[in-house]
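What follows is a set of notes on a single structure, which appears directly below.
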Amino acid sequence: MSNEIYECDVPLEDYTEGIVATKEEIAEMCKRLGERISNDYKGEPLILICVLKGGFMFMSDLSKNISIPVEMDFIAVSSYGASTKSSGVVRLVKDTDTPVTGKHVLIVEDIIDTGLTLSYLKNLFSTRNPLSVKVCTAFDKPDRRKVEVDVEYSGIVIPDEYVVGYGLDYNGLFRNLPDLRILKKSVYVK
Ligand code: PRP
């Protein structure tokens, strides 16, 4: 699949069908969540933990809409591998290196699907003596939930479609699309 994409001289958008969230809707969502977070954590020590790789674009846009001092760090976990379906196994690939003890932790995710990644991360940070551990996600796919997780800051609820863009990938590609789009089935069903 990857080679075909590199070799074909067609816009990335042509591998997708239908926009689930436009650039404008995403920008508005980042502004809304950024304002809420700035208000809720005013005067408190806050660290944003971006979940790589998918969370990088949301972390960037969200943080620019937060008007209070925040620390930032990055963690990488893997649950999907190269498959389009969750394996159900969460693996820690890269840990944070900023202490979170005595701080409020806000986990910044691109999407919550089964909830397995978030459940793992909430438990992990809870063992590190933070003041609190909460979650902020750009997109939420509640129809796919396997474990219940509290999502304190939820951006846009989306249907159960294979979506790419705004940090979300298929086989490592399409993360750079600025909006959230449905991937054509022909790309991943052979
Ligand atoms: C995706 C996404 C979330 C997780 C959500 O990551 O970025 O971290 O899956 O799925 P869940 O709710 O079913 O656990 P992925 O493993 O695809 O890695 P990536 O961000 O590096 O693409």
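Coordinate-derived values only; no laboratory data. None of the values given here were measured: they were computed from a predicted structure. When we count neighbours, we look across all protein chains shown, and the Cβ atoms used for this are built from the backbone with ideal geometry, even at glycine.
Worth a mention:
- Single residue of Gly43, Gly34, Gly102, Gly115 found to be farther than 24 Å from Val149 by Cα and out of contact with any strand residue (DSSP E or B) (no Cβ under 7 Å at 6 or more places or on another chain): Gly43
- Conditions (1) exposed (fewer than 15 other Cβ atoms within 10 Å of the Cβ); (2) small (Gly, Ala, Ser); (3) under 20 Å from Arg181 (Cα atoms); (4) away from the ligand (no atom under 15 Å from the Cβ); number of the one not met by Ser60: (4)
- Any hit, the stretch 77-85, residues being away from the ligand (no atom under 11 Å from the Cβ), surrounded by fewer than 20 Cβ atoms within 10 Å (Cβ to Cβ) and more than 16 Å from Gly167 (Cβ to Cβ): no
- Leu173, sole failed condition from (1) in contact (Cβ under 8 Å) with a residue 40 or more places away in the chain; (2) buried (at least 20 other Cβ atoms within 10 Å of the Cβ): (2)
- Exactly one residue among Asp150, Asp143, Asp160, Asp110 is out of contact with any Gly (no Cβ under 6 Å at 6 or more places or on another chain) and either assigned to a helix (DSSP H, G or I) or within 10 Å of the ligand (Cβ to nearest atom) (or both), and that residue is Asp143.
- Every residue from the stretch 113-140 that is assigned to a loop (DSSP other than H, G, I, E, B), away from the ligand (no atom under 13 Å from the Cβ) and touching a Lys or Arg at 6+ places or on another chain (Cβ under 8 Å): Pro130, Leu131
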